[in-house]
Amino acid sequence: MGKLYDELSKDYRMKEGLKACINCGTCTAICPAAEFYKYDPRKIVDTVQSKNEEAIEALLKSDTIWYCGECMSCLTRCPRKNGAGLIIMALRNLSAKLGYFTCSEKGRQLYVLTKLITGNVLNYGYCVHPMTFDWNMFVESGPVFKWHTEHLEDNFARLGANYRGDGPGVLRAIPQESLDELKAIFDVTGATERIETVTRCSEEKAREMGLTMEEYTDLTFSYCSPKHFNNE
């Protein structure tokens, strides 16, 4: 075995997701992502099972491992109870750890997701928070949602939410003590280190591409080349 396969093997998701693959292709047949992307879970599992270091490294640096929606339809249909989605999670984890995610267009989107979601969790206690929703980044949500973002407090009051208020209720303000506990959990579990790694590697890639971090963020969030899709 090589170093990359050995590292993958340490991930509990590999142990849960790769038991006795018979390469039947059921995972690909049921996969929603495979319908749209140039994506074949069966081939990914086959590559990992081969233990070929060069092929695994290519996977870690590819767009391919970022197409999965982690819906786990593969696990529900596999006759041997393998989970290609779990193997994808392990590959993504290692790609992020090694900084390989910056080698692919889809992988570079990890920076934006990390910045937005973990920023919301640590600052507000929510994965998604209305205050951080920028309509200009989601224009497909339409003019009605744009209006909603401009009248958050009034709208949530009419719906009975305790928006940014003290005490219980939907969208309440999370006490600082609880936010401090969340930060401690991030520190202990390695999440803080992961955020720092993703940020550092993304900053290095931005410099390599001759972009500011603002330009890099806009590009990775908004651009999607047609090469990824089945109809191209």
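Taken together, the values in this text are just the output of simple stated rules run on the coordinates, not laboratory data. Since the model is a prediction, treat every value here as computed from it, not as a measurement. Heads up, the Cβs are rebuilt from the backbone with ideal geometry, glycines too, and the neighbour counts pull from every protein chain shown.
Cross-link partners among lysines for Lys10, C-alpha distance below 16 Å, same-chain residues fewer than 8 apart left out?
Lys19, Lys51, Lys97
Around Asn123, with a cut-off of 13 angstrom between Cβ atoms, what is the net charge of the other residues, counting Lys and Arg +1 and Asp and Glu -1?
Overall, the nearby charge balance is +2.
Would you mind checking the tilt of helix 176-189 against the longest principal axis of the Cα atoms of the chain, expressed as 0 to 90 degrees and rounded to 10?
Once rounded, one gets 10 degrees.
If you build the convex hull over the alpha carbons only and average its shadow over all orientations, what do you get for the stretch 90-183? Give it in nm² to one decimal.
Projected over every direction and averaged, the Cα hull of the stretch 90-183 covers 8.1 nm².
Give the Cα extents of the stretch 129-216 along the principal axes, in whole Å, largest first.
Projected onto its principal axes, the Cα set of the stretch 129-216 covers 48, 36, 15 Å.
Mind checking which aspartates and glutamates have their C-alpha under 17 Å from Lys43, skipping anything on the same chain fewer than 8 residues away?
Hits, sequence-local ones excluded: Glu35, Glu53, Glu54, Glu57, Asp63, Glu70.
Relative contact order for the stretch 34-115: what percent, with Cα pairs under 8 Å and sequence separation of 6 or more?
Answer for the stretch 34-115 is 30 percent.
Relative to the present Cα-Cα distance, how much length would full extension add between Arg77 and Lys10 at 0.36 nm per residue of separation?
21.6 nm
Which Rg and Dmax, in Å, describe the Cα atoms of the stretch 2-107?
Just the Cα atoms of the stretch 2-107 yield Rg and Dmax of 12.5, 35 Å.
Taking the Cα atoms only, what angle lies between the long axis of helix 41-50 and the longest principal axis of the chain, rounded to 10 degrees?
Relative to the chain, helix 41-50 is tipped by roughly 50 degrees.
Strictly under 4.7 angstrom between C-beta atoms: which cysteines of the chain have no such partner?
Those would be Cys21, Cys24, Cys31, Cys68, Cys71, Cys78, Cys103, Cys127, Cys201, Cys224, since no other cysteine Cβ in the chain comes under 4.7 Å of theirs.
Using the Cα centre of the stretch 67-186 as origin and beta-carbon charges of +1 (Lys, Arg) and -1 (Asp, Glu), tell me which of Ile117, Leu91, Ala173 is placed farthest towards the positive end of the dipole.
My answer, from the dipole projection, is Leu91.
What is the set of long-range amide H partners of Tyr37 at a cut-off below 5 Å, with H atoms built 1.01 Å from backbone N?
For Tyr37, the qualifying residues are Asn230.
Pop out the Kirkwood hydrodynamic radius of the chain from its pairwise C-alpha distances, inverse of mean 1/r, in Å to one decimal.
Result for the chain stands at 20.0 Å.
Helix 191-208 versus the longest principal axis of the chain: what is the Cα-based angle in degrees, 0 to 90, to the nearest 10?
Here the helix axis deviates by roughly 80 degrees.
So what's the gap between the Cα centers of the stretch 183-232 and the stretch 34-65, to the nearest angstrom?
21
Short version: ³J(HN,Hα) in whole Hz for each residue of the stretch 133-146, in order, from phi by Karplus 6.51 cos²θ - 1.76 cosθ + 1.60 (θ = phi - 60°), x for Gly and Pro, what are they?
Result, ordered by residue: 7, 9, 4, 4, 8, 9, 4, 5, 6, x, x, 5, 5, 4 Hz.
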